[in-house]
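Working notes, structure below.
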Amino acid sequence: MTTLSIIEKLKTTHAATRDELIFLLDNLTDADREELRRAAQATARAHFGNKIYIRGLIEFSSVCKNDCLYCGLRRSNRRAVRYRLTEEQILSCCEKGYALGFRTFVLQGGEDGFFTDEVMCGVVRRIKSRFPDCALTLSLGERGEDSFQKLFDAGADRYLLRHETADASHYARLHPEGMTAQARQAQLYALKRIGFQTGAGFMVGSPFQTTANLADDLLFIKALSPQMCGIGPFIPHKDTPFFDKPQGSLTLTLTLLAVLRLMNPPLLLPATTALGTIHPKGREMGILYGANVVMPNLSPTEHRKDYALYDNKICTGDEAAECIRCLAARMQSIGYQIVTDRGDYRGDWQPL
Ligand code: SAH
Ligand code: SF4
């Protein structure tokens, strides 16, 4: 077994065993990483050309009943500033976004009891009737399967729910008692079954993570075969139990983006805000390692800094219009172009 033979296998069969993935991640040379970047970029280009899909992120509530140990919005964090957008405010974010060319809106928030099925379905219906040509993505954490079904029936198209880590004992070290990897994964399968375009994902370099954990994450994604996968480095938040844990590495995040692209060629793969937070050119590098999506922020500027999952989050001061201009310029600087498109998953696509 050599790293190059594993990369070759990833390129030709889009698969690798657990042992191969562990060996690869533990033994990568700079030359290997370069080969991964080249291959992943070529694969993304074959599927998407130089087009980058944009998703307008609306962080609609910083209230959360959960207590994930890594997250600044956890309920035990008494210093977090809590806000909740009104339905009108959410719609006005969409309105602005639509004018700027967004055709996908992502409503993301903490697990906020105010947004019952009834309230949330109302929001979904209003957005979908006002913007029928747009896709609507929800990222509301865990809910009952019947709740997912109601949201889907109300018109939501997609759902993002990172699995965080596929390994049950690792998951238990990142979450309070009562939250389990098994429940999380069951929710993802339910979402897919209902018909959502589904997004899973994980943090890179979260506390206690091992290479074997990452190999399991890659294999979980392969098995679930979601339409989207969000990954970004873990970044500590000063008011959480993990305040002194080191942040995830840029190089490792880029490597994993490339491996994910090779293992799942049509996957919608964002270059995340967390990646842009740990390096000024993080998102550009993410694209060059095989990502094909960016998610500029459409949240009202006055609340941006309060949606603090981790410290030093970028783009908290900019208006939506500035955000999109800035990202368009960043993408152009590396030869890519953001497009006005719903950017649906096209797993049945023939490469360009
Ligand atoms: N409440 C929802 C959505 C908001 S959190 C949910 O939990 O699914 C969205 C994502 O932010 C989480 O899935 C997690 O992967 C990421 N996140 C939270 N805290 C983070 C941190 N400290 N560093 C990096 N990413 C973090
Ligand atoms: Fe709440 Fe999501 Fe943060 Fe967990 S990660 S505390 S569910 S906002």
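The values are calculated or read from the model by the stated rules, or taken from the named source; none is laboratory data. All of these numbers come straight from a predicted model, not from anything done at the bench. Every residue, glycine among them, receives a Cβ derived from its backbone with ideal geometry; neighbour counts consider all protein chains shown. Accessible surface is based on the protein model in full, side chains and every heavy atom, while ligands, DNA and RNA are left aside. Shrake-Rupley method; radii C 1.70, N 1.55, O 1.52, S 1.80 Å.
Restricting the first residue to region 64-77 and requiring it to be farther than 14 Å from residue 234 by Cα, which pairs with a second residue that is of a type in the set (S, T, N, Q) meet a Cβ separation below 7 Å and a spacing of at least six or different chains?
67/76; 73/62; 74/66; 74/240; 75/66; 77/240
I want to confirm something. Restricting to region 126-144 and keeping residues that are loosely packed, with under 15 Cβ neighbours inside 10 Å and out of contact with any Leu (no Cβ under 9 Å at 6 or more places or on another chain), which single residue is farthest from residue 105 (Cα to Cα)?
It comes out as 144.
Filter region 263-276 down to the residues that are assigned to a helix (DSSP H, G or I) and surrounded by fewer than 24 Cβ atoms within 10 Å (Cβ to Cβ), then identify the one that is farthest from ligand 2 (Cβ to nearest atom).
Per the criteria, the residue is 263.
For residue 285, all conditions in the list (1) open to solvent by less than 40 Å² (accessible area, probe 1.4 Å); (2) at pLDDT 95 or above hold save one; what is the number of the exception?
(1)
Can you pull out the residues in region 224-259 that are hydroxyl-bearing (Ser, Thr, Tyr) and within 14 Å of ligand 1 (Cβ to nearest atom)?
If the condition is that a residue be hydroxyl-bearing (Ser, Thr, Tyr) and within 14 Å of ligand 1 (Cβ to nearest atom), then 240, 249, 253 are the ones that fit.
Can you find a residue that is more than 13 Å from ligand 2 (Cβ to nearest atom), over 22 Å from the mean Cα position of the chain (by Cα) and β-branched (Val, Ile, Thr) anywhere in region 92-107?
no
Got at least one residue in region 41-60 being within 13 Å of ligand 2 (Cβ to nearest atom) and either farther than 29 Å from residue 343 by Cβ or in contact (Cβ under 8 Å) with a residue 12 or more places away in the chain (or both)?
yes
Could you tell me whether residue 171 is free of Cβ contacts under 8 Å to residues at least 40 places away in the same chain, under 23 Å from residue 18 (Cα atoms) and within 13 Å of ligand 2 (Cβ to nearest atom)?
Yes: the conditions hold for residue 171.
Can you name the number of the only condition in (1) crowded, with 17+ Cβ neighbours inside 10 Å; (2) away from ligand 2 (no atom under 16 Å from the Cβ); (3) not acidic (Asp, Glu) that residue 120 fails?
(2)
Kindly check whether there is at least one residue in region 321-336 that is without any contact (Cβ under 8 Å) to a residue 12 or more places away in the chain and closer than 20 Å to residue 134 by Cβ.
Yes: region 321-336 contains one or more residues that are without any contact (Cβ under 8 Å) to a residue 12 or more places away in the chain and closer than 20 Å to residue 134 by Cβ.
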